[in-house]
Amino acid sequence: MSAPSISVIVFARNAGAMIERALKSVCEPPSNEAEVLVLDGGSTDGTLEVVDKYRGAIAYLRSRPDSGPTEAINEGVRHARGEVIALLPADDWLESGALTFIGEQFARDGALDVLTCGARIVRTDVADAGQTWAEYCDEAHLGFTLPNILRNPLTCARFIRKRVYDRLGGMDDSWTFADKEFLVRAYFAKVKSRVHTRLIYNFRRHAGSATNSGRPEMIIRMVQESLRLSRHYGSLPALTRPERTALRRLHAGASARLAVMLGQRAQFSAARATLAGAFRTNPTWPLDALAWYYGSAHEKYRNLRTSLTG
């Protein structure tokens with residue numbers, strides 16, 4: 001079978017110092033066979049000047065203020081003509097030959113909906129000197145399972161047929177981190193998925209990142225969203241025991257972390273309310289929180305060992 005066409009959706013806002021690496025990875029040989037769409041959220045720095053250097057390789061470009069990545073992604077998917085969607089925030093990049101490899105993998109199985117490939121998180125400075133902060137290049141962590149999605153969505157390392165977006169109605173902008181909720185919906189829709197451990201995707205960890213900055217205010221938003229996600233999907237009537245356990249542990253871990261962070265800010269009433277809510281949801285939640293954080297500690301140890309030996 002011939003390789004399916006791929007649409008790469010690059011979304012940006014004031015990413016002038018970083019977007020060139022993203023565009024090079026999809027606009028220059030040997031990765032220039034894809035349709036590239038750039039959705040800019042009204043940048044006021046030098047982002048558009050960089051984009052203009054690659055204008056001949058860009059099939060669709062728009063620049064205007066928008067509500068953020070979810071709006072940009074949904075608009076990009078609507079305009080995409082490719083069979084496979086690759087998401088690329090302007091601060092990330094693909095490895096050389098990634099798009100050719102992705103196309104070959106989908107060509108082998110017309111029923112394949114989601115391909116997850118190896119990824120790493122790289123802590124960089126503006127000059128792109130970087131250090132691997134975390135790496136996910138094994139099937140255990142890349143599998144399209146509910147526990148993996150809830151702990152580390154790795155959204156952009158998951159390449160998804162456009163028909164899945166069409167079937168599910170795209171991402172839901174009522175969620176702060178709509179990509180994670182979209183993956184959970186795709187999981188429950190029983191899409192056909194496969195893993196390849198080849199390193200394909202690089203996430204950039206930096207202070208301005210929405211999900212990889214480590215900023216406390218962003219972490220609070222993320223754990224609040226995790227609580228909402230666990231409550232929403234935990235109420236589904238036909239959950240399997242492993243699915244229910246994964247959602248329960250997410251709720252417990254997020255409750256514990258949120259209570260601690262609120263307490264550190266002297267928001268003691270809100271912290272107590274968070275713990276009371278955890279007990280109402282699950283009287284044994286401390287045990288599930290311990291299980292959640294045991295998994296986190298194990299992963300941090302694995303990633304530390306990777307960074308030291310890599």
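The values are calculated or read from the model by the stated rules, or taken from the named source; none is laboratory data. Model, not experiment: these values are computed from the prediction. Virtual Cβ from ideal backbone geometry, glycine too; neighbours counted across all protein chains shown.
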**OP:** With respect to Ser43, determine if the residue is over 22 Å from Thr116 (Cα atoms) and surrounded by 17 or more Cβ atoms within 10 Å (Cβ to Cβ).
**Re:** yes
Original post:
Is there a residue in the stretch 52-75 that is in contact (Cβ under 8 Å) with a residue 60 or more places away in the chain, under 23 Å from Gly169 (Cα atoms) and β-branched (Val, Ile, Thr)?
Top reply: yes
**OP:** Kindly list, by first and then second residue, each pair from a residue in the stretch 277-290 that is within 15 Å of Val223 (Cβ to Cβ) and in the same structural domain as Gly234 (by TED's automatic domain parsing) to a residue that is surrounded by 14 or more Cβ atoms within 10 Å (Cβ to Cβ) and of a type in the set (Lys, Arg), limited to pairs with Cβ atoms under 7 Å and residues at least 6 apart or on different chains.
**Re:** Asp288/Arg248; Asp288/Arg249
Original post:
Taking the stretch 171-202 as the search range and keeping residues that are within 25 Å of Asn14 (Cα to Cα) and either at pLDDT below 95 or part of a loop (DSSP other than H, G, I, E, B) (or both), which one is nearest to the chain's Cα centre (by Cα)?
Top reply: Phe177
Subject >> Failed item in (1) within 19 Å of Met171 (Cα to Cα); (2) surrounded by fewer than 22 Cβ atoms within 10 Å (Cβ to Cβ); (3) in contact with a Leu (Cβ under 6 Å, 6 or more places away or on another chain); (4) not charged (D, E, K, R), with Val38 passing the rest >> reply: (2)
**OP:** From the list Ala266, Ala259, pick out the single residue that is modelled with pLDDT of 95 or more, in a helix (DSSP H, G or I) and over 22 Å from the mean Cα position of the chain (by Cα).
**Re:** Ala259
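Filter the stretch 214-256 for residues that are among the acidic types (Asp, Glu) and modelled with pLDDT of 95 or more; which is surrounded by the fewest Cβ atoms within 10 Å (Cβ to Cβ)? Let's see the steps before the verdict.
Let us first name the residues in the stretch 214-256 that are among the acidic types (Asp, Glu), namely 217, 225, 243.
Still in the list and also modelled with pLDDT of 95 or more: 225, 243.
Numbers: Glu225: 17, Glu243: 19.
Step by step, filter the stretch 214-256, then rank; the result is Glu225.
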Original post:
Which members of the stretch 70-94 meet the condition of being more than 19 Å from Leu112 (Cα to Cα) and of a type in the set (Asp, Glu)?
Top reply: Glu71, Glu75, Asp91, Asp92
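What do you reckon, is Gly103 buried (at least 18 other Cβ atoms within 10 Å of the Cβ) and in contact with a Cys (Cβ under 7 Å, 6 or more places away or on another chain)? So that I can check it myself, show each step before the final result.
Numbers: buried (at least 18 other Cβ atoms within 10 Å of the Cβ): yes; in contact with a Cys (Cβ under 7 Å, 6 or more places away or on another chain): no.
Criteria not met by Gly103.
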Original post:
Restricting attention to the stretch 213-236, and to residues there that are within 16 Å of Ile149 (Cβ to Cβ) and among the polar types (S, T, N, Q), which single residue is farthest from the chain's Cα centre (by Cα)?
Top reply: Ser230
Original post:
Looking at the stretch 258-276, which of its residues are touching a residue at least 12 places away in the same chain (Cβ under 8 Å) and of a type in the set (S, T, N, Q)?
Top reply: Thr274
